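One structure below.
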Amino acid sequence: MKQSTNNQKLEPEKVLAERINGWAAMMGFWAAVGAYLTTGQIIPGVI
């Protein structure tokens with residue numbers, strides 16, 4: 001059985017977009033942790 005090879009090149013714009021997305025997700029996570037630690041609420045001011 002012959003295996004197909006994936007010879008697609010990575011597009012630099014997509015790699016950059018994924019890195020920015022990952023960075024934003026990490027910042028959002030730590031912002032939520034900080035808000036919870038300082039106020040005791042997940043979303044301060046809502047509840």
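The values are calculated or read from the model by the stated rules, or taken from the named source; none is laboratory data. Fair warning: this is a prediction, and the values are worked out from it, not measured in the lab. FYI the Cβ positions are ideal-geometry reconstructions off the backbone, even for glycines, and counts take in every protein chain you see.
What to note about this one:
- Only one entry in ALA35, ALA17, ALA31 is at pLDDT below 90, surrounded by 10 or more Cβ atoms within 10 Å (Cβ to Cβ) and assigned to a helix (DSSP H, G or I), namely ALA35.
- Filter result for the condition that a residue is surrounded by 10 or more Cβ atoms within 10 Å (Cβ to Cβ) and modelled with pLDDT under 85, over GLN41, GLN3, GLN8: GLN41
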